[in-house]
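Notes to accompany the following structure.
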Amino acid sequence: MSGLYDQQNIFAKILRGDIPCNKVDECDHTLSFYDIQPQRKVHILVIPKGAYTDMTDFCTNASAEEQTAYFAAIARVVGIAGLEKSGYRLIANTGTDGHQDVPHLHIHILGGEAVGPMLHRKA
Ligand code: AMP
């Protein structure tokens with residue numbers, strides 16, 4: 001767990017129950033909920049319950065049980081959302097260059113329609 005973790009970030013507040021979310025799935029180590037500003041027909045966020053700022057923090061500091069549970073949750077949510085056959089995109093924005101807005105690890109699951117090219121080409 002990073003010493004730099006901000007306990008006031010919006011996902012920490014959701015985990016504490018201070019603000020609501022539209023829940024898709026939950027287990028001992030993860031919570032999944034619909035993004036409040038969906039960018040595609042299906043847009044779900046999967047977060048660990050532990051206080052990890054980003055993927056680097058999680059991969060470095062989370063227990064094997066937490067890591068296994070996190071990836072199992074992604075597979076479960078993909079199934080709940082019915083995305084296995086049509087496909088989907090996972091995004092984990094990280095840090096400044098990665099344009100991460102909320103400093104609690106989250107993976108975006110996007111699908112339900114063609115999500116388009118991975119990145120806009122530079123001019
Ligand atoms: P990122 O830019 O990768 O940090 O993405 C943060 C995501 O969190 C954005 O897609 C937001 O729409 C989403 N978001 C922010 N606040 C909430 C909230 N209260 N409930 C659900 N999603 C949220």
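Within segment 89-103, residues that are surrounded by 15 or more Cβ atoms within 10 Å (Cβ to Cβ) have Cβ atoms under 8 Å from residues that are hydroxyl-bearing (Ser, Thr, Tyr) and outside any loop (DSSP other than H, G, I, E, B) in these pairs: Thr94/Thr56, counting only partners at least 6 apart in sequence or on another chain. Filtered by the rule that a residue be under 16 Å from Val24 (Cβ atoms) and either among the basic types (Lys, Arg) or open to solvent by 40 Å² or more (accessible area, probe 1.4 Å) (or both), segment 46-70 gives a lone residue, Lys49. Across segment 91-123, the qualifying residues are those that are among the aliphatic types (A, V, I, L, M) and modelled with pLDDT under 95, and the one among them that is farthest from His43 (Cα to Cα) is Ala123.
Residues of segment 84-111 that are more than 8 Å from the ligand (Cβ to nearest atom) and in contact with a Leu (Cβ under 7 Å, 6 or more places away or on another chain): Tyr88, Arg89, Ile107, Ile109, Gly111. For the structure I just gave you, tell me whether Ile74 is within 11 Å of the ligand (Cβ to nearest atom) and either touching a residue at least 40 places away in the same chain (Cβ under 8 Å) or within 11 Å of the chain's Cα centre (by Cα) (or both). So Ile74 fails the test. Scanning segment 104-114 for residues that are aliphatic (A, V, I, L, M) and open to solvent by 30 Å² or more (accessible area, probe 1.4 Å) yields a single hit, Ala114. Of all residues in segment 3-30, those that are of a type in the set (D, E, K, R) and within 13 Å of the ligand (Cβ to nearest atom) have Cβ atoms under 7 Å from Cβ atoms of residues that are assigned to a loop (DSSP other than H, G, I, E, B) and open to solvent by less than 90 Å² (accessible area, probe 1.4 Å), 6 or more apart or on another chain, in Asp6/Pro103; Lys13/Ile19. Of the residues making up segment 72-88, those that are closer than 15 Å to Val24 by Cα and open to solvent by 80 Å² or more (accessible area, probe 1.4 Å) are Arg76, Ile80.
For segment 104-117, the tally of residues that are touching a residue at least 24 places away in the same chain (Cβ under 8 Å), assigned to a loop (DSSP other than H, G, I, E, B) and not β-branched (Val, Ile, Thr) stands at 5.
For Pro38, the stated conditions hold: it is within 16 Å of the ligand (Cβ to nearest atom) and surrounded by fewer than 17 Cβ atoms within 10 Å (Cβ to Cβ).
The values are calculated or read from the model by the stated rules, or taken from the named source; none is laboratory data. Keep in mind the model is a prediction, meaning the values are calculated, not measured. Quick reminder, even Gly has a Cβ in these numbers, built from the backbone with ideal geometry, and neighbours come from all protein chains shown. Just the protein is used for accessible areas: all its heavy atoms, side chains included, with ligands, DNA and RNA removed. Shrake-Rupley method; radii C 1.70, N 1.55, O 1.52, S 1.80 Å.
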